[in-house]
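One structure coming up, written as structure tokens, with questions to follow.
The values are calculated or read from the model by the stated rules, or taken from the named source; none is laboratory data. Computed from a predicted structure; not experimentally measured. When we count neighbours, we look across all protein chains shown, and the Cβ atoms used for this are built from the backbone with ideal geometry, even at glycine.
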Amino acid sequence: MRIKYLLPFVLIFCFSACSSLVFFSAGTAAGVGGYKFYKGSLTVIYQAPYMDTWDATLRALDKMNLQIESKKHDLTKGKIKARTADNKQVHISLKYKSSEQTEVVIRVGIFGDKAASMVIKDEIRKELFES
């Protein structure tokens, strides 16, 4: 019975300005540890080694016909710059988190495009886990 009275306070907290700025969700498919879209960038944690994720990202961009303008990586981090067919910039950063986790940050366009970023996220996941 007390839960009924507590529920409005929980909902208010969940929908308050501070807590709704960051959305974190469990991965919708195998291999994705979670993701969040914040200030125009999509951050994804893949349950895969760093170099496997790097290679899968390049394959995904190629399959999507994105033009890769630059790519650079070292042992723990990397950056890829590409362009879409309609000339939007795509910035992807990868970072080693552990031997089986890689953080990938995707930003499409100047202000961010959530839908386009989600498509790239899913294509990387397919390359990692379905190929």
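Consider LYS81 carefully, then state whether it is exposed (fewer than 11 other Cβ atoms within 10 Å of the Cβ) and modelled with pLDDT of 80 or more. Show your work before the answer.
On the way: exposed (fewer than 11 other Cβ atoms within 10 Å of the Cβ): no; modelled with pLDDT of 80 or more: yes.
No; evaluated as a whole, the condition is false for this residue.
Ok, one more. Quick check on the range 44-60: of everything there that is in a helix (DSSP H, G or I) and of a type in the set (Gly, Ala, Ser), which residue is nearest to ASP122 (Cα to Cα)?
Restricting attention to the range 44-60, the residues satisfying the condition of being in a helix (DSSP H, G or I) are 50-60.
Pick out the ones that are also of a type in the set (Gly, Ala, Ser) and you get 56, 60.
Numbers: ALA56: 11, ALA60: 9 Å.
Among those that are in a helix (DSSP H, G or I) and of a type in the set (Gly, Ala, Ser), it is ALA60.
Could you list, in sequence order, all residues of the range 113-131 that are crowded, with 17+ Cβ neighbours inside 10 Å and either of a type in the set (A, V, I, L, M, F, W, C) or within 14 Å of PHE37 (Cα to Cα) (or both)? Step through it out loud before you land on a result.
Residues of the range 113-131 that are crowded, with 17+ Cβ neighbours inside 10 Å, as a first pass: 113, 116-118, 120-121, 123-125, 127-128.
Those that are crowded, with 17+ Cβ neighbours inside 10 Å and either of a type in the set (A, V, I, L, M, F, W, C) or within 14 Å of PHE37 (Cα to Cα) (or both): ASP113, ALA116, SER117, MET118, ILE120, LYS121, ILE124, LEU128.
Please go through the range 39-71 and give me each residue that is farther than 21 Å from ALA115 by Cα and not aliphatic (A, V, I, L, M), ordered by number.
In the first step, residues of the range 39-71 are kept if they are farther than 21 Å from ALA115 by Cα; the result is 47-52, 54-55, 69-71.
If the condition is that a residue be farther than 21 Å from ALA115 by Cα and not aliphatic (A, V, I, L, M), then GLN47, PRO49, TYR50, ASP52, TRP54, ASP55, GLU69, SER70, LYS71 are the ones that fit.
When you scan the range 61-131 for strands (runs of 3 or more DSSP E) that lie fully inside it, which ones turn up with 3 or more residues that are under 23 Å from ALA48 (Cα atoms) and among the aliphatic types (A, V, I, L, M)? Quick ask: steps written out before the conclusion?
Details: elements: 67-73, 77-83, 89-98, 101-108.
Fully inside the range 61-131 and qualifying: 89-98, 101-108.
Within the range 84-94, track down each residue that is surrounded by fewer than 18 Cβ atoms within 10 Å (Cβ to Cβ) and either touching a Phe, Trp or Tyr at 6+ places or on another chain (Cβ under 8 Å) or among the hydrophobic types (A, V, I, L, M, F, W, C) (or both).
ALA85, the sole residue that qualifies.
Starting from the range 37-56, keep only residues that are within 18 Å of HIS73 (Cβ to Cβ) and touching a residue at least 12 places away in the same chain (Cβ under 8 Å), then list their pairs with residues that are β-branched (Val, Ile, Thr) and in a loop (DSSP other than H, G, I, E, B) whose Cβ atoms are within a distance under 8 Å, requiring at least 6 positions of separation or different chains.
Hits for this filter: TYR50/THR76.
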